[in-house]
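Beneath this line is the structure, given in structure tokens, with notes to follow.
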Amino acid sequence: MNLKALFFQILNFGVQDDQSFHDKRRIKSVNLLNIVVISFLLIGLTNWFFIKADFPILIEFTFMAIAAVSIYLSYRQHVDISFALFTVNVNCALFFICKYYPAETGAYLFYFPVLVSIVLLNNPSRIDRSSVFHFLACVLSFTLNFVVDIPQWRVTSLDTEQIQVLWYYDVFLSIILTGLLTFLLNKTIFNQNNEILQQIDDIKKTKEAVNISLKEKEVLLAELHHRVKNNLAIISGLLNLQEDAVDNREAKQIISETKDRIMSMALVHKMLFKNPDFKTINFGNYSSELINELFNSYNLSEEVKIKEEYETINLSINTCIPLGLILNEIVTNSIKYGLNHDSTVDKQFSVSIKNSSNRVLLTVKDSGTGFNKDFNSDLETSSLGIVLIRSLTEQIDGKVHFSNSNGAKIEINFPNN
């Protein structure tokens, strides 16, 4: 493995695919800064030529070791600890250097690259505890350098000429370090911004592909509902032919009722085809159209006063088809046994749909003779229509109640899913 590959491998210690862009940048930057710290501490070893035997080589290697530990913590996914250790290590190193070298050498100038590093490492979009900690650590260390003096740490073997050389040396290195850190960190940010732009571009392309696919599926779904409606219309037409071909009155009645059931299902697909989302229909609109179709087919629309009361409730196809069949059976039974008699005066039919606590209540009443038996308890002698109402109500997890209230009254209570 060459040095460049090793450098980038260390730079990516602790970086995970599921991390945010800022977190990835911060981890890479901490690793980069620790590498820079180690590099410049190695460069600082050149001060041995000035200080000779007084050079604090053990302390320098200690700071290098701490920087290496910080990189290892990044590798072990302890990013916050790694960042905190970097800040503490750098500030302790600067504090020691500023106390060890005379102030005239300009060792305090190295605080500028450190502050640049901290600013670029923290998230500019928010101020959190981590940001406060790092800034306070720098401010505290910088302040202590002016307040605290430790003469016993100070090297005394430097003459005026050596101090002057070290001043130029530190000015040069601090400028180089500030520029290098700014360049490297901004390059990291620039590369990451390019990654963000590339990902945004990929997201846009994916979104466009999804939208195209969605439109294609919507067209196919619309075509599907249209074809189902047409196929049901064909079946209804065949039943018309069959109805005309038979002479048995009972058979004609059965065929007619079957056509009505098919019509109730076809109406669901017709209304779904008109709805832009192809998922739900307003059941009030559906009920109104179905009731009018049925009363017109029995030529009772002029004789019966129809009262409708609907709350806006959108239901899915899985609920609409069985509920439409239920409503078809109720209306058909009401017409056959309650309203389709000359003796019935002031014929009235009412239907209401109300929503309450995520449940729907469908109530249907007529002004006919009412039920001649209790269909709530009498299950064995029920007609086909009543059996269908019960079984379809169970299919939508609902409950049905039959009663007499100046005519027949049926209540269907079911969850609105």
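Side notes on the structure shown:
- In the stretch 281-325, residue nearest to Lys354 (Cα to Cα) [restricted to those that are within 38 Å of the chain's Cα centre (by Cα) and aliphatic (A, V, I, L, M)]: Ile313
- For Asn89, the test of being under 24 Å from Ile175 (Cα atoms), surrounded by 16 or more Cβ atoms within 10 Å (Cβ to Cβ) and modelled with pLDDT of 85 or more is passed.
- Given (1) among the hydroxyl-bearing types (Ser, Thr, Tyr); (2) at pLDDT 80 or above; (3) crowded, with 17+ Cβ neighbours inside 10 Å, number of the condition Thr62 does not satisfy: (3)
- The stretch 1-55: number of residues that are more than 26 Å from Glu195 (Cβ to Cβ) and among the aromatic types (Phe, Trp, Tyr): 5
- The criterion of at least 3 residues that are without any contact (Cβ under 8 Å) to a residue 60 or more places away in the chain and surrounded by 15 or more Cβ atoms within 10 Å (Cβ to Cβ) is met, among strands (runs of 3 or more DSSP E) falling completely within the stretch 248-322, by 280-282.
- Hits in the stretch 231-247 (condition: of a type in the set (A, V, I, L, M, F, W, C) and either within 22 Å of Leu392 (Cα to Cα) or assigned to a helix (DSSP H, G or I) (or both)): Leu232, Ala233, Ile234, Ile235, Leu238, Leu239, Leu241, Ala245
Yes/no per residue for (1) of a type in the set (A, V, I, L, M); (2) within 21 Å of Val268 (Cβ to Cβ):
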site	(1), (2)
Trp167	no, no
Leu177	yes, no
Asn193	no, no
Ile200	yes, no
Ala209	yes, no
Ala233	yes, yes
Asn240	no, yes
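- When residues of the stretch 350-368 are limited to those that are assigned to a loop (DSSP other than H, G, I, E, B) and among the hydroxyl-bearing types (Ser, Thr, Tyr), the one surrounded by the most Cβ atoms within 10 Å (Cβ to Cβ): Ser367
- Within the stretch 26-51, the set of residues being more than 18 Å from Ile81 (Cβ to Cβ) and of a type outside the set (A, V, I, L, M, F, W, C) comprises Ser39, Gly44, Thr46, Asn47.
- Flag if Val79 is farther than 24 Å from Phe146 by Cα, modelled with pLDDT of 85 or more and among the β-branched types (Val, Ile, Thr): no
- Scanning the stretch 138-168 for residues that are in contact (Cβ under 8 Å) with a residue 60 or more places away in the chain and under 60 Å from the mean Cα position of the chain (by Cα), we see that the one that is surrounded by the fewest Cβ atoms within 10 Å (Cβ to Cβ) is Trp167.
- Gln19 fulfils the conditions (1) free of Cβ contacts under 8 Å to residues at least 12 places away in the same chain; (2) over 18 Å from Leu177 (Cβ atoms); (3) in a helix (DSSP H, G or I) except for a single criterion, (3).
- Restricting the stretch 27-57 to residues that are over 21 Å from Gly14 (Cα atoms) and β-branched (Val, Ile, Thr), the residue that is modelled with the highest pLDDT: Ile57
- The condition (being assigned by TED's automatic domain parsing to the domain that holds Pro113, touching a Phe, Trp or Tyr at 6+ places or on another chain (Cβ under 9 Å) and under 24 Å from Leu158 (Cβ atoms)) is satisfied by just one residue among Thr46, Thr62: Thr46.
- The listed residue being within 23 Å of Asn328 (Cβ to Cβ) and in contact with a Lys or Arg (Cβ under 8 Å, 6 or more places away or on another chain), out of His226, His269: His269
The values are calculated or read from the model by the stated rules, or taken from the named source; none is laboratory data. Remember, it's a predicted structure, so these values are computed and weren't measured experimentally. Here Cβ is always computed from backbone atoms with ideal geometry, including for glycine, and neighbour counts include all displayed protein chains.
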